[in-house]
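Colleague: Please see the structure below; I have some questions.
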Amino acid sequence: MKSLPDHYVERHYSTCSSHRIMTSRKKILLHPPATPSSSSSSVSLPCVITRLNREQLITILQLLPVYSIIAFSMTCKEFRSLGCSEILWEYICKREWGALQHFNSPIRSWKRLFEQVSQMSSVRFLKLFVNNVGEFLPEPRASHSLIWVQDRLLLFGGGCHGGRHLGDTWVATVGTITGAAPKVTWQPVNSDGPTGRFGHTCTVVGDLFVLFGGINDNGTRQNDTWIGQVVVEDRNPITPAIKLSWTLMSVIPDVESDEQLPCPRGAHAGCIVGEDDNKMVIHGGIGPNSVRLDDLWLLKISKDSFQWRRVIPTTGGGCGRSPSPRSGHSLTWIRGNQMVLFGGRGIGHDVLNNVWILNLTDLNCPFWVEIRLNDSPSAPIRIPPPRVGHSASLMLGSRVVVYGGEDSQRRKKNDFWVLDVSKYMQPTPIWNKEVWTKLEIQTTKGAAPQCRSFHTACADLSGRYFYVFGGMVNDDGIAHRLVFDGNLYLLEFMLDT
């Protein structure tokens, strides 16, 4: 293989066992060229790569970030073929996104799948119609909870017309998703569980789900913790026999803290922690005396016990700042032990649009990192306007989808934004890149997303389908009138795999 001139050689290092591999690219320089230590190194090292067989090279490529794989494949025709290997891209997809065991479509090309998810070029929004028309259906509501559990949607609580706070539970079974909009069947589920409330959180933790806090009919904030479980006793695809059980959690005192429980609150945020199915966190909300909070609590679930623990973020290592007190924000698990916090209403009723990443890898040294974007008039960066009462869900590809909400003037929104979390997983928290993407939505006639706030949304296990229910929507006739919605919608990421 002919050696390259020194000024055309760019080094990319990757560790594989005890070897360090250097690849070269000709004329395509993504970073400033490195100065070779000697003229002989630029001659001999490219030859090392040519001695490796295809399997060895693919094993090395599997250790590299995606941008390095693309740079490697641009070197020559032989390396371009390696860069298009389906074995390689299957590994990359599963490395970046998880096992994908719930992805319910045949995958003809892993490289094509990665490209489509990265570009997010086609999304459609559909209104779902009910099978059981004329029967008793969930009342329109807002500030409720909606989760995906046992391959179904579970709806609980919320506020509705007349200032009532609901305590009902519903299960929705969604039909097969094809080219047309699937139909949904709602079933009420009777159980002795939490009292009526709104502004609570309900988080799926393994086979269980955890409901915490909220505000009742009297305006009293709660701090009770309920553990729920759904059992499908009959697999009838339309109206299965479903049993729901609730258990009020008994608290084990935390010997390391004077505080044994989070204080009563509503409009807080919560999410699961990691993939081990035994931890969740809550943050902020409105506490006693209508004070907005900034505290962080972790709930650990074991076979026979449940324990709340106050988490105090570290103040060392340059990570001493934490999100300001807020309510109506979102907290979304993204990968490992990391979560993304976005938006909300702060002290003084200011509405926010900042982004924070919480790292709980070491519970003895947890920390927050704010994502600060370098914006300028000459090179503006597209970011979502400030909002409260939005939804935020994790989609395929470790991206967070944000929908709706309202601003400080209570003007509701109907926009969809995607936060590319992978661009934050870099050594520096300061970026001037386009990490937010505003989605262009395909809709059918009469099914365009309405401006709404304090709705809920959740994704199925594939991360490809999102369900949106309820919320407060605009009334064109009367300004600032509270109008509640009771429809269920599907947001689908169209993939031609």
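The values are calculated or read from the model by the stated rules, or taken from the named source; none is laboratory data. Treat the numbers as computed from the prediction; the structure is a model and nothing was measured. No Cβ is skipped: glycine too gets one built from the backbone with ideal geometry, and neighbour counts run over all protein chains shown.
Colleague: Which of the residues spanning the range 228-252 are outside any strand (DSSP E or B) and either modelled with pLDDT under 85 or not assigned by TED's automatic domain parsing to the domain that holds GLY163 (or both)?
Modeller: If the condition is that a residue be outside any strand (DSSP E or B) and either modelled with pLDDT under 85 or not assigned by TED's automatic domain parsing to the domain that holds GLY163 (or both), then GLU233, ASP234, ARG235, ASN236, PRO237, ILE238, THR239, PRO240, ALA241, SER250, VAL251, ILE252 are the ones that fit.
Colleague: Taking only the range 276-287 into account, find how many residues are of a type in the set (D, E, K, R) and farther than 16 Å from LEU331 by Cα.
Modeller: The number of residues fulfilling the criteria is 2.
Colleague: Quick one: count up the residues across the range 352-374 that are touching an Asp or Glu at 6+ places or on another chain (Cβ under 9 Å) and crowded, with 20+ Cβ neighbours inside 10 Å.
Modeller: The qualifying residues number 2.
Colleague: Follow-up. Out of (1) within 21 Å of LYS303 (Cβ to Cβ); (2) modelled with pLDDT under 85, the odd one out for THR225 is which?
Modeller: Status for THR225: all satisfied but (2).
Colleague: Can you name the number of the only condition in (1) in the same structural domain as THR332 (by TED's automatic domain parsing); (2) modelled with pLDDT of 80 or more that GLU135 fails?
Modeller: Condition not satisfied by GLU135: (2).
Colleague: When the range 172-194 is examined, which residues are found to be assigned to a loop (DSSP other than H, G, I, E, B), over 22 Å from VAL281 (Cα atoms) and not charged (D, E, K, R)?
Modeller: GLY175, THR176, ILE177, THR178, GLY179, ALA180, ALA181, PRO182, VAL189, ASN190, SER191 - these are the residues of the range 172-194 that are assigned to a loop (DSSP other than H, G, I, E, B), over 22 Å from VAL281 (Cα atoms) and not charged (D, E, K, R).
Colleague: Could you say which residue among ILE282, ILE312 is surrounded by fewer than 17 Cβ atoms within 10 Å (Cβ to Cβ) and touching a Pro at 6+ places or on another chain (Cβ under 9 Å)?
Modeller: ILE312
Colleague: If you check SER322 against the conditions, is it closer than 25 Å to SER393 by Cα, in contact with a Gly (Cβ under 6 Å, 6 or more places away or on another chain), of a type in the set (Ser, Thr, Tyr) and touching a residue at least 40 places away in the same chain (Cβ under 8 Å)?
Modeller: no
Colleague: Then there's this: Name the residue, out of THR195, THR169, that is among the β-branched types (Val, Ile, Thr) and buried (at least 20 other Cβ atoms within 10 Å of the Cβ).
Modeller: Values: THR195 fails: buried (at least 20 other Cβ atoms within 10 Å of the Cβ).
Exactly one residue qualifies, and that residue is THR169.
Colleague: Can you find even one residue in the range 190-203 that is among the basic types (Lys, Arg), modelled with pLDDT of 95 or more and touching a helix residue (DSSP H, G or I) at 6+ places or on another chain (Cβ under 9 Å)?
Modeller: No: the range 190-203 contains no residue that is among the basic types (Lys, Arg), modelled with pLDDT of 95 or more and touching a helix residue (DSSP H, G or I) at 6+ places or on another chain (Cβ under 9 Å).
Colleague: Let me ask you something else. Specify the residue that is modelled with the lowest pLDDT; the eligible residues are those in the range 138-159 that are in contact with a strand residue (DSSP E or B) (Cβ under 6 Å, 6 or more places away or on another chain) and farther than 15 Å from HIS200 by Cβ.
Modeller: Step by step, filter the range 138-159, then rank; the result is GLN150.
Colleague: Given the criteria modelled with pLDDT of 90 or more, in contact with a Lys or Arg (Cβ under 8 Å, 6 or more places away or on another chain) and of a type outside the set (Asp, Glu), does GLY175 qualify? Talk me through it step by step, then tell me what you get.
Modeller: On the way: modelled with pLDDT of 90 or more: no; in contact with a Lys or Arg (Cβ under 8 Å, 6 or more places away or on another chain): yes; of a type outside the set (Asp, Glu): yes.
Against the criterion (modelled with pLDDT of 90 or more, in contact with a Lys or Arg (Cβ under 8 Å, 6 or more places away or on another chain) and of a type outside the set (Asp, Glu)), GLY175 does not qualify.
Colleague: Against the condition more than 29 Å from LYS438 (Cα to Cα) and assigned by TED's automatic domain parsing to the domain that holds GLU55, how does PHE79 come out, does it pass?
Modeller: yes
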